[in-house]
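Data first, discussion second: the structure below is written as structure tokens.
The values are calculated or read from the model by the stated rules, or taken from the named source; none is laboratory data. All values reported here derive from a predicted model rather than from experimental measurement. A quick note on method: Cβ atoms are made from the backbone with ideal geometry, for glycine too, and the neighbour counts reach across all protein chains shown.
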Amino acid sequence: MRNLENKVAVITGGNSGIGFATAQEFIRQGAKVVITGRNQQTLQEAVEQLGSNALGIRSDVAQMKDIEALVEQVKATYGTVDVLFVNAGVALQEPIGQVTEETFDTLIDINFKGAVFTTEKFIPILKDGASIIHMTSVSAFVVATGTAIYGASKAALTAYSKSVAVELSDRKIRVNIVAPSMTETPIIYQGQFANEEIHTFIKSKMPFRRYGKPEEVAKLVSFLASDDASYISGGEFTVDGGASVNAIRL
């Protein structure tokens, strides 16, 4: 059974990681998928892998003109949208006392402002009964060194998401939040996390002794996008192998 048959889905940041895995799952479930990304080459490579039911549009969620152009192109191509997965984000870490304005602006512009205005600009072309899924993180409610501003950007999006769920309920539009912990994507091996020893240590403290897989997150997003989740809205769903509710085991 293909639960997204003939639905149109938009995935921001769909050219890699969780976004790409979700695009693959959506297409398997019968959807036509629009993915976005900032890098034209990686975007094109992703579309080639996804096949004929995928369309790639270069777009930077930190740029309002890009968001508006994205909406107009999707409207011109498909008219309306059934599923909006607001997934694009960055994970930059700086400890308290060393937070820079540049990092602050980047995190807020992409993770919060970009997510908010992607949602706002798409609302007019969302079908009644559509599904919006916002990607946040367990960092919105779990404290770790260096993640203060990153976590704050995700917590802000969580608060916004719940208000959207209430205010769009008259149109039967469902809004849900997916909050993963560390997931095996290229982004988590950058910057201060480029050292494999760090990941070995972190995994040793997690209940399942591993990170999540993009495909595992994609399965949940696909369910929330489908009509099987028709009475689920305003929910916040963690995908973390129990990490956020278990004490660290030494």
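For region 90-113, does any single residue satisfy the condition of being without any contact (Cβ under 8 Å) to a residue 60 or more places away in the chain, crowded, with 21+ Cβ neighbours inside 10 Å and of a type outside the set (A, V, I, L, M, F, W, C)? Checking region 90-113: at least one residue is without any contact (Cβ under 8 Å) to a residue 60 or more places away in the chain, crowded, with 21+ Cβ neighbours inside 10 Å and of a type outside the set (A, V, I, L, M, F, W, C). Within region 88-119, the residues that satisfy the criterion of being within 23 Å of residue 43 (Cβ to Cβ) and either among the small types (Gly, Ala, Ser) or modelled with pLDDT under 95 (or both) are 88, 89, 90, 91, 92, 114, 115. One residue stands out among those in region 50-85 that are in a strand (DSSP E or B) and among the β-branched types (Val, Ile, Thr): the one that is surrounded by the fewest Cβ atoms within 10 Å (Cβ to Cβ), which is 57. The residue of region 86-130 that is farthest from the chain's Cα centre (by Cα), among those that are part of a loop (DSSP other than H, G, I, E, B) and farther than 21 Å from residue 39 by Cβ, is 97. Residue pairs whose Cβ atoms lie under 6 Å apart, separated by 6 or more positions or on different chains, with the first residue in region 62-84 and farther than 18 Å from residue 38 by Cβ and the second in a helix (DSSP H, G or I) and modelled with pLDDT of 95 or more, are 75/125; 80/125; 81/125; 83/225; 84/122. Selection of region 131-153 for residues being closer than 12 Å to residue 86 by Cα and outside any strand (DSSP E or B) yields only 136. If you go through region 48-84 and keep only what is among the aliphatic types (A, V, I, L, M), out of contact with any Gly (no Cβ under 8 Å at 6 or more places or on another chain) and under 25 Å from residue 224 (Cβ atoms), you end up with 50, 54, 55, 57, 70, 71, 74, 81, 83, 84. Every condition in (1) under 18 Å from residue 114 (Cβ atoms); (2) in a loop (DSSP other than H, G, I, E, B) is met by residue 3 except one, and the failing one is (1). A Cβ distance below 6 Å, combined with a sequence gap of six or more or placement on separate chains, defines the contacts here; from region 126-145, residues that are among the polar types (S, T, N, Q) reach residues that are part of a strand (DSSP E or B) in the pairs 131/83; 131/174; 136/177; 136/179; 137/179.
Scanning region 6-30 for residues that are part of a loop (DSSP other than H, G, I, E, B) and farther than 21 Å from residue 180 by Cβ, we see that the one that is modelled with the lowest pLDDT is 6.
Filtering region 29-46 to residues that are surrounded by fewer than 22 Cβ atoms within 10 Å (Cβ to Cβ), in contact with a strand residue (DSSP E or B) (Cβ under 7 Å, 6 or more places away or on another chain) and either touching a residue at least 60 places away in the same chain (Cβ under 8 Å) or more than 25 Å from residue 109 (Cα to Cα) (or both) leaves only 32. On the basis of being surrounded by fewer than 16 Cβ atoms within 10 Å (Cβ to Cβ), closer than 25 Å to residue 28 by Cα and either in contact with a Phe, Trp or Tyr (Cβ under 9 Å, 6 or more places away or on another chain) or modelled with pLDDT under 95 (or both), does residue 186 make the cut? The answer is yes for residue 186. What's the total number of residues in region 214-250 that are modelled with pLDDT of 95 or more, in a loop (DSSP other than H, G, I, E, B) and either among the aromatic types (Phe, Trp, Tyr) or surrounded by fewer than 19 Cβ atoms within 10 Å (Cβ to Cβ) (or both)? Final tally of qualifying residues: 5.
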